[in-house]
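Visitor: First, the structure itself, so that you have it in front of you.
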Amino acid sequence: MEIHELLQKVKNDEISLKDAEQYLKTLPYEDLGFAKLDHHRALRSGFGEVVYCAGKSQEHLAKIYESFAHRKSNVLGTRASQEQFDYVKQYVPEAVYDPMAHTITLKFDEHEKIGLVAVCTGGTSDISVAEEAAVTAEFFGSKVERIYDVGVAGIHRLFAKMEQIQRANCVIAVAGMEGALAGVIAGVVDKPVIAVPTSVGYGANFGGLSALLTMLNSCAEGIAVVNIDNGFGAGYMATQINRLAQGAGHGEKMGEKSK
């Protein structure tokens, strides 16, 4: 059954709204040959599809964005290069690139930002990963406050910002080296902390493994840990927590990444 036919049946009271919504949840994806785009993921999970750009050819990525643009659908692309964006921009002029977060966003509907997510970094070298988290949370409707360069090497900088951090519904702590920031924050706030280990550090950092293990082994309660450099995952989870804290419904919905 096509969408037009489905809507006509709803209009004629031949099918209930509840049954129509259930049908829409199981509609097939759009098959581009090289990719299968799930345009109805938002109906199921609460968030629309996100595109992981790294490793995709410029031509494939442009066709994916053209599909979303044709439907006037918002889409977030992560781990995108400047070269990929420059190519996509030729076909989708509405696309916007964030060189720090490495994201390509396409927005046709701007939703009101709700609640508050605090994104903190240990140092300025962690900002790229933090920006991926911040842009993700903002894209899906969270207010975000950035509190950067407040690592434990100068812990007075963190304590000076505690009032701002305490106002948030969720805190994202992004840190490399030994990754101590998340545990310190979790020990002084009453909100969930999402720890993001980064690959920032010298040799014994092992590409972020030292920070990951520190965060996983923290004795402070209330910490959830995502994978190394996974700012997207942190922003995603923070938005879910923020929505629950605000008692919000789905709004614009977000989903898993397109592989």
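The values are calculated or read from the model by the stated rules, or taken from the named source; none is laboratory data. Predicted model, so just to flag it, every value in this text is computed and none were measured. Here Cβ is always computed from backbone atoms with ideal geometry, including for glycine, and neighbour counts include all displayed protein chains. What goes into the accessible areas is simple: the full protein's heavy atoms, side chains included, and nothing from ligands, DNA or RNA. Shrake-Rupley method; radii C 1.70, N 1.55, O 1.52, S 1.80 Å.
Visitor: Highest first, please rank the peptides 125-136, 152-163, 91-102, 68-79 by the mean number of other Cβ atoms sitting within 10 Å of their residues.
Guide: Order by mean packing, descending: 125-136, 68-79, 91-102, 152-163.
Visitor: What figure in square angstrom, to the nearest 10, would you give for the accessible area of Ile223 with a 1.4 Å probe?
Guide: 40 Å²
Visitor: Continuing with this model, one more query. Say the dipole of region 65-191 comes from +1 at the beta carbon of Lys and Arg and -1 at that of Asp and Glu; which of Gln166, Ala133, Ala182 then lies farthest toward its positive end?
Guide: Gln166
Visitor: Hey, another quick one. Rank these residues by their accessible area, most exposed first, probe 1.4 Å: Phe34, Phe232.
Guide: Phe34, Phe232
Visitor: Same structure, new question: For region 131-225, with every protein chain kept in place, what is the accessible area per residue (1.4 Å probe, Å²)?
Guide: On a per-residue basis, 42 Å².
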